[in-house]
Each structure stands twice: as C-alpha cells, then as structure tokens.
C-alpha cells in the first residue's frame with residue numbers, strides 16, 4: 001500500500017515536471033521568431049515608399065525555400081546569411097532587434113537609401129562580418145565601445161553619412177578588419193590606433209579630423225586623408241607643428257651658416273678685386289678666377305645653354321623618375337607609324353634616330369581637369385611601378401596638343417592575340433599562357449586599386465585592347481587613370497567602366513565597375529569570344545556573362561571554353577578553367593555589392609596557381625571539384641555577398 005502510494009506520488013511529480021518542460025518548450029517557441037517573421041518585423045520598422053519590399057509578405061513562401069522570391073535576401077544552406085537592400089529609397093530608423101532572430105546573418109548592406117537617426121544597434125549582431133551603411137542620412141556620435149563585441153567584422157563602410165564625434169577606438173580592436181571607410185562624415189578628433197596587419201582599404205577623407213596621420217596608415221595615400229584641414233604628416237602636404245618646429249630650428253641654423261658663407265664670399269670678392277686693380281695699375285694682366293669674369297677686367301661671354309621652354313611650350317616632361325632620355329625635337333624628327341585610333345585619339349610608333357622606340361598617344365578631349373589637374377595626374381601615374389603596369393614615361397601639354405609617351409611593346413595587345421590573324425607561323429595561346437595572363441592582369445589591377453584608392457574607378461578603361469603582352473607573355477595594363485581627365489561626355493561614351501550594369505541602370509560607377517570589366521576580360525580569354533560589351537551599339541559580339549552563366553546553370557561549363565585550348569589540356573587543367581570561369585562570373589554579377597573586391601579576386605586566382613602551374617608540369621595537384629552552379633560556388637566561398 002505504501003509502495004503504491006509512493007509510486008503514485010512519484011508518477012504525479014514526473015507528470016508535473018513533464019508538463020512544465022512541455023510548457024517551457026511552447027513558451028520558448030513562442031518567443032523565438034521564424035526568419036520570415038523576423039524579416040517582416042524589420043520591414044515594419046522602415047518606410048518603403050516605392051514598395052520595393054512587396055515580396056516580403058506573410059503568406060509568401062519561406063525566404064530561403066527553393067521558390068523563395070524575397071528581394072534582397074541571401075541564403076546559405078537554407079538560412080538567411082545576408083541582407084542587401086541598396087538603392088531602394090528606404091527611409092526611417094532601423095529596428096535592429098528584429099534581425100537578432102537571424103542567427104546565420106553575416107552581411108548587411110543598406111547603401112544609398114534615405115535611412116536616418118543615430119547609429120543603429122548593429123552591435124547586437126556580434127556575428128556580422130560585413131556592414132555597409134554608405135550614403136544614407138545617419139547622424140550623431142557612435143559610442144567608443146560600439147564595436148567591442150563585433151570581433152568577426154571584416155568590412156565596415158559608414159561613408160557618406162553625417163556621423164560626428166570621435167572615431168570609435170573599438171574599431172582598432174577588430175583583429176580581422178580588412179576594409180574601413182568613414183569618408184564624407186563629420187568625425188572629429190584624432191585618428192585612433194589601427195594596427196591590423198590585414199587592413200587593405202582605408203579612407204577617412206572629408207571629415208573634421210586633426211592631428212598627425214599614423215605612420216602605419218600613410219601607405220593608403222593622400223586621397224585617404226584629404227579634406228581634413230587640420231590633419232598633417234604622412235602623405236599630406238601639411239607638416240605637423242612638432243615637425244615644423246624642428247624644421248624651423250634646422251632652418252635657423254642653415255640661415256646662420258648661409259650668412260657666414262655670404263659674408264665670406266663677399267670678403268673674397270673684395271680681396272680679388274683689390275688684387276686685380278693693383279696688378280692693372282702695375283701694367284700686369286689681371287688673372288681672373290673662373291666664374292668671376294665680370295668682376296674687373298674684360299667681361300667674357302659664357303657658353304650658351306639650351307634654355308628650358310616655358311610651361312605649356314614645346315617641352316616633354318618626364319614623370320617616370322628617370323633622367324631625360326630624349327627631347328621633343330627627337331620625337332618630331334622620328335619615323336612615325338600609326339598603330340591605331342581610339343576614343344581618346346590616335347597612337348603612333350615613333351623610331352628615333354638613336355634607335356629608341358616609343359609609343360606616342362595623341363590625346364583629344366582631355367579637358368576634364370585643366371592643366372594643373374592634368375599635370376598632377378600624370379605625375380601620380382608616372383610614379384607607379386609594377387611588373388604588370390605600363391606607366392607613362394613623359395607627357396607634353398598645350399591647350400591644343402596633349403601627348404603621352406610610353407615604352408613600345410612589339411607583341412601587340414591581348415585583343416589582337418585573341419581575335420587577330422593567327423597564321424601558320426603564329427603560336428596558339430595555350431591554357432598555361434592564358435592563366436598566366438589572367439594572373440598578371442589580376443596582380444596589376446590589385447596594385448592599381450591599392451595605389452589609386454581615392455579614384456572612383458582606378459583603371460576605368462580595362463579591356464583586351466588596353467592590355468599589352470610582352471615577350472614573356474606577361475600582360476601590361478595601359479590607358480588607366482583617364483576618368484578624371486576626360487571630358488565627362490566622352491568618358492561616358494568611351495570608358496569601359498561606364499558600360500557596367502550599375503552605370504546603365506543608376507548612372508553610378510565605383511571600383512566595382514573595374515571588377516566587372518575584369519570579369520569580361522576573364523570570360524573573353526577563356527571563351528575566345530569577342531564581348532558585345534566592347535561595342536557602343538551593343539550589336540555584334542557575344543554577351544559573355546549571360547552566355548556563360550546560362551551554360552554553367554545547365555552543367556555545360558566546358559562547352560563555352562575556347563576549343564583551341566581544350567585539345568592540348570589535361571583533365572586537371574579543365575578543372576582549373578572551370579574555377580577561373582566561376583571567378584569571371586563572380587566579377588560580372590549585375591549587383592556591384594555581390595562582386596568580390598580586387599584583392600580577393602587576385603587571391604582566388606593565385607590559389608589556382610598554387611594548385612597546378614600548368615598542364616603536364618609534372619607537379620602534384622590537389623583534386624579540385626568544379627562547382628555545378630555559380631551561385632552555390634559563391635556562397636560556399638563566403639556566406640553573404642561572396643566575400644566574408
């Protein structure tokens with residue numbers, strides 16, 4: 001009896017505990033929002049005047065289902081990993097707490113909207129890797145410790161807002177930070193310590209910052225700090241007060257030494273004059289030291305020297321750091337042969353009497369920056385040094401005549417090698433050579449994007465006709481840096497970057513427009529097809545991004561590869577080709593936010609080199625599985641926007 005009573009008591013306790021456990025599960029489930037509910041809650045917190053988020057509806061399919069059509073939602077393995085809602089005219093203040101229910105969220109992009117208010121509480125999303133809030137209307141200060149618990153952040157873009165106060169020092173504790181853009185705000189105070197060795201892109205220009213530019217950030221160039229009138233040191237022309245003080249002391253000392261020299265020289269001149277007069281009075285010829293012919297005795301004419309023409313005259317200005325190798329008169333006397341005519345003028349091969357061969361580009365409609373701007377840009381381009389960059393040697397400027405002088409490369413352009421006449425004596429362009437060319441272009445472009453980081457489009461005119469191939473099959477990039485110099489109307493018509501989807505749709509260009517142009521070149525090299533994107537009319541050629549992506553989606557990637565390189569290539573090389581093909585597709589994504597940055601493109605291509613240098617090389621290779629689908633490949637590389 002007692003045992004039965006004890007059993008009933010235990011059984012009742014067990015049922016009671018089980019009921020509580022079941023209720024707790026129901027209660028916790030009620031508190032946990034589904035991803036669809038979290039997104040809908042987020043939608044309610046903002047204004048959507050254009051109805052851009054109309055596909056976000058309670059009765060629609062799950063945002064990550066196979067049939068999901070939720071605009072701007074990126075999924076990976078069935079969960080929401082990214083939100084990209086750029087250029088949608090969204091307004092109001094953001095309720096970040098709604099996004100806390102998206103446990104797989106890694107990337108948020110809300111660029112170019114009308115969002116306002118203080119910095120949203122994105123610090124509640126500690127797992128974020130990328131945060132893009134550029135060109136909105138956010139205001140106010142950001143807490144010093146705001147980023148302290150966001151250790152996964154790699155990319156922070158807050159540019160083009162109205163943030164004020166000091167730059168949060170917690171940004172310096174983000175060990176994985178790769179990109180930081182704060183330009184175009186009202187940040188004040190000094191630049192905090194940023195010791196991240198992996199920092200690739202940095203810009204704090206057009207703020208109210210003051211003090212000295214940290215030495216380790218000076219590598220990002222003047223453009224990264226311009227527009228802060230109280231900043232000094234580093235790459236800026238403004239010298240810091242401490243440095244001025246030291247310079248002043250040095251100047252005073254130098255001035256004292258100069259005065260001593262002047263006084264001494266004056267005494268010497270007086271003594272020489274006295275001696276000369278005494279000798280003349282004694283009937284002796286006066287011996288006048290060299291260089292003092294006008295001091296007593298008969299004046300002698302100095303040897304005539306070639307005077308440098310005034311600015312704007314018929315002179316050549318060398319910008320490559322070397323001594324003057326030839327003169328304008330040498331070019332005028334050179335045997336000239338026209339190489340071609342493009343949007344910006346004509347190019348000539350000039351063979352001078354000394355045997356020196358150069359290319360002279362005769363430019364037209366380069367009035368976008370005036371003479372000072374043109375000359376400053378030429379000096380900047382002339383300082384560039386890279387194996388895959390063809391920087392100008394010299395320039396000539398007059399209002400009616402502008403010339404650029406380059407070294408001559410005899411093999412011609414990539415355009416000619418791919419599509420020109422390949423007679424019996426012309427070697428085929430095999431896969432190892434094409435991979436080497438793509439790799440070299442990636443290195444050159446990555447260098448330009450580092451050195452010309454302040455430019456809207458560092459290259460601006462990348463296409464196969466502007467890539468020369470030297471005797472070692474190394475590519476040399478030319479015709480870069482023209483965007484700020486060209487007449488705006490001509491730039492829109494001529495420059496490759498202005499044919500990108502974002503310019504056609506939104507009239508905007510950015511460094512990602514360069515990456516789109518590089519993607520076109522990659523696909524051109526792999527397929528051997530002439531891109532329709534090179535033609536102003538759009539008629540003719542092949543729409544390579546559409547054609548290649550269609551083939552990849554049908555598991556027919558190898559069918560678009562140029563047959564000329566398939567016959568002599570191994571199976572391992574075919575896998576390499578498919579990997580590069582996917583990189584080309586990633587670069588030509590219609591939305592610039594989805595494209596990788598240039599340094600990331602370079603890294604991916606270098607990894608292919610490490611897997612196997614060329615066909616039949618005898619080196620061991622890791623087995624690489626070709627991705628079936630480009631979107632899958634991009635998401636597997638990095639959740640979110642293709643780059644984590």
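The values are calculated or read from the model by the stated rules, or taken from the named source; none is laboratory data. Please read these numbers as outputs of a predicted model, since none were measured by experiment. No Cβ is skipped: glycine too gets one built from the backbone with ideal geometry, and neighbour counts run over all protein chains shown.
Looking at this structure, is residue 410 within 19 Å of residue 517 (Cα to Cα), out of contact with any strand residue (DSSP E or B) (no Cβ under 8 Å at 6 or more places or on another chain) and outside any helix (DSSP H, G or I)? When the stated conditions are applied, residue 410 does not pass them.
For region 35-47, a residue qualifies if it is in a loop (DSSP other than H, G, I, E, B) and crowded, with 18+ Cβ neighbours inside 10 Å, and exactly one does: 46. Quick one: would you say residue 238 is surrounded by fewer than 18 Cβ atoms within 10 Å (Cβ to Cβ) and at pLDDT 50 or above? Taking the combined requirement at face value, the residue satisfies it.
Hey, any hits in region 483-494 for a residue that's at pLDDT below 90 and within 24 Å of residue 547 (Cβ to Cβ)? No, region 483-494 contains no residue that is at pLDDT below 90 and within 24 Å of residue 547 (Cβ to Cβ).
Taking the criterion of being exposed (fewer than 13 other Cβ atoms within 10 Å of the Cβ) and within 26 Å of the chain's Cα centre (by Cα), the residues of region 316-374 that qualify are 321, 370, 372.
Residues considered: 54, 65, 60, 89. Of these, the only one that is in the same structural domain as residue 136 (by TED's automatic domain parsing), under 31 Å from the mean Cα position of the chain (by Cα) and modelled with pLDDT under 90 is 89. Residues that are surrounded by fewer than 20 Cβ atoms within 10 Å (Cβ to Cβ) and in a helix (DSSP H, G or I) within region 503-523 comprise 503, 504, 505, 506, listed in sequence order. Residues satisfying the criterion are present in region 194-206 (criterion: over 27 Å from residue 376 (Cβ atoms), surrounded by 14 or more Cβ atoms within 10 Å (Cβ to Cβ) and at pLDDT 85 or above).
The residue that is nearest to residue 190 (Cα to Cα), among those in region 221-240 that are touching a helix residue (DSSP H, G or I) at 6+ places or on another chain (Cβ under 8 Å) and outside any loop (DSSP other than H, G, I, E, B), is 232. For residue 548, indicate whether it is at pLDDT 90 or above, assigned by TED's automatic domain parsing to the domain that holds residue 493, surrounded by 13 or more Cβ atoms within 10 Å (Cβ to Cβ) and over 14 Å from residue 438 (Cβ atoms). Taking the combined requirement at face value, the residue satisfies it. A count restricted to region 340-362 and to residues that are at negative phi and at pLDDT 85 or above stands at 16.
Considering region 600-621, the residues that are surrounded by 19 or more Cβ atoms within 10 Å (Cβ to Cβ) and within 29 Å of residue 74 (Cβ to Cβ) include one that is modelled with the lowest pLDDT, namely 608.
Inside region 442-466, can you point out the residues that are within 16 Å of residue 587 (Cβ to Cβ) and in a helix (DSSP H, G or I)? Hits for region 442-466 are 442, 443, 444, 445, 446, 448, 449, 464. Of the residues that make up region 460-476, is at least one closer than 17 Å to residue 534 by Cβ, surrounded by fewer than 23 Cβ atoms within 10 Å (Cβ to Cβ) and touching a strand residue (DSSP E or B) at 6+ places or on another chain (Cβ under 6 Å)? Taking every residue of region 460-476 in turn, at least one turns out to be closer than 17 Å to residue 534 by Cβ, surrounded by fewer than 23 Cβ atoms within 10 Å (Cβ to Cβ) and touching a strand residue (DSSP E or B) at 6+ places or on another chain (Cβ under 6 Å). Select from region 574-590 the residues that are in a helix (DSSP H, G or I) and either crowded, with 23+ Cβ neighbours inside 10 Å or modelled with pLDDT of 90 or more (or both) and list them in ascending order. Selection gives 576, 577, 578, 579, 580, 581, 582, 583, 584, 585, 586, 587. Within region 149-193, if we keep just the residues that are surrounded by fewer than 19 Cβ atoms within 10 Å (Cβ to Cβ) and in a loop (DSSP other than H, G, I, E, B), the residue that is farthest from the chain's Cα centre (by Cα) turns out to be 149. Restricting attention to region 115-126, the residues being free of Cβ contacts under 8 Å to residues at least 60 places away in the same chain, touching a strand residue (DSSP E or B) at 6+ places or on another chain (Cβ under 7 Å) and either outside any loop (DSSP other than H, G, I, E, B) or not assigned by TED's automatic domain parsing to the domain that holds residue 160 (or both) number 3. Does residue 500 satisfy the criteria of being in contact (Cβ under 8 Å) with a residue 12 or more places away in the chain, surrounded by fewer than 22 Cβ atoms within 10 Å (Cβ to Cβ) and farther than 16 Å from residue 344 by Cα? In short, no.
Among the residues of region 97-112, write down those that are touching a strand residue (DSSP E or B) at 6+ places or on another chain (Cβ under 9 Å) and surrounded by fewer than 22 Cβ atoms within 10 Å (Cβ to Cβ). The answer is 103, 104, 111.
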